[in-house]
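Notes to accompany the following structure.
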Amino acid sequence: MPAPQMIVVSLPGSGTPLLADVTTGLGYSSYGTMSGDPRTGGEQPGAGEVYPLLTAAYGQDQAVLLLHQQRQDRQALETAFQDAVSALWRVWWKHLGQPTTLASPVDPGTEARLARLSATDLLRLLPGRGCWYVSGLDLHRADAGFLRAWHADGRPPLVFHHRDIRDRIISQIRALTQPADPVGSLPEHLVYRDILTALPTLDARITLALTDPGFPGTEEARRSRWLLHHPAVCVITHEELAGPDRGGTIHARAQALTRLLTAISHPDPSAVPTAPPPAAPGAEDLAIGTGRALFTPAHERLLDRHHSH
């Protein structure tokens, strides 16, 4: 049976949507950096998922009352369950060491009750089949209980998704210099959009990205480097997933998908197509080798000086 939850650490600019197409095809809902507001999800809870979460969030007496009164007030039960799910997702997001806002629609009391649960209990209560996308996993920021539980049994499966740093930087520069609606953007993206758009040339923007330690993705890559070496982590590169249309190969993609299916204990090797979706016109950000073509010898020296260790 496939793992009910998985975590993907995908560095910014790594072509995460291409991997998200795969995990969605495997039946996982995307959360974290690849999703919007969890409240907008239309999924129905599975068998046995409602009562345990209601009990953990509100206590046994309130959970029983909500279930008993559902015939008269179904909406109250659905609202209570969704509020508990939102609180659970927020607590889990914190366990992964990810940033959260102080202002939240989640009830502080519900969040506090769920925050007292162990990492194992939190994982057990998460409804449905979820793929949690994060841009980095810092050993000093993630919850110690979560790390101990993962070390003990390797669950949930961890996938590290990365890409040639040149292509990541070019992808980030393009994303941050395009006109965009700032609603929902990360604060650091808003700040660096201002910085990058003020620079006159692509050369200057690449130089900034290589030399500024605060450039989006730089710290995440440094703090997540341990994932490359841990034997329990499934490592997948964008170059493997890209396929022929983007400069890769079918063989490399098939090997990467086999490793992924093994990591999440998925029984069906034909669950995802060997060929990726065709490259859309203008989707140069997912092509392999763009950075190598745009980096100058001076950029390569900066890359070696600042990112080779």
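Where does the chain land at 222 nm, in deg cm²/dmol rounded to the nearest 500, when only DSSP H runs of n ≥ 4 count, each adding -39500 (n - 2.57), divided by all residues?
On the way: 15 runs with 150 residues, N = 309.
Here the helix-only value at 222 nm equals -14000 deg cm²/dmol.
Given points 7 Å out from each Cα along the Cα-Cβ axis, report the Thr207 to Ser118 separation in nanometres with one decimal.
Each label point lies 7 Å from its Cα, and together they span 5.5 nm.
Under a 1.4 Å probe, what is the accessible area of the chain per residue, stated in Å²?
Per residue, the chain has an accessible area of 50 Å².
For the range 141-287, just say rounded, prolate or oblate: build the C-alpha gyration tensor, square-root its eigenvalues into a ≥ b ≥ c, call rounded for a/c under 1.5, and beyond that prolate if a/b exceeds b/c, oblate if not.
The shape class here is oblate.
With point charges of +1 on the Cβ of Lys and Arg and -1 on the Cβ of Asp and Glu, referenced to the Cα centre of the range 160-283, which listed residue (Pro244, Ile169, Cys234) lies farthest in the positive direction of the dipole?
It is Cys234.
What is the chain's relative contact order, in percent, from Cα pairs under 8 angstrom and six or more apart in sequence?
27
Starting from the 7 Å offset along Cα-to-Cβ, what nm value, one decimal, do you get for the label separation of Ala175 and Ala252?
Using points 7 Å along Cα→Cβ, the separation is 2.0 nm.
Calculate the spin-label point distance for Glu219 paired with Ala152, positioning each point 7 Å from the Cα along the beta-carbon direction, and give it in nanometres.
Output for this residue pair reads 3.1 nm.
Tell me the carbon and sulfur percent of the accessible area for the chain, rounded to whole percent, probe radius 1.4 Å.
Its accessible area is 57 percent carbon and sulfur atoms.
Of (1) 34, 57, 8, 0; (2) 25, 44, 22, 6, 2, 0; (3) 30, 55, 14, 1, which one was derived for P(r) over Cα pairs in 20 Å bins from 0, in percent from the structure shown?
Structure-derived value, by its label: (3).
Given a Förster distance of 35 angstrom, what is the FRET efficiency for His230 paired with Asp107, based on the Cβ-Cβ distance and rounded to 0.05?
0.45
The values are calculated or read from the model by the stated rules, or taken from the named source; none is laboratory data. On a predicted model such as this, the values are computed, not experimentally measured, just so you know. In this analysis, Cβ positions are derived from the backbone assuming ideal geometry, glycine residues included, and neighbour counts consider all displayed protein chains. We work out accessible area using only protein heavy atoms, side chains counted, and drop any ligands, DNA or RNA first. Shrake-Rupley method; radii C 1.70, N 1.55, O 1.52, S 1.80 Å.
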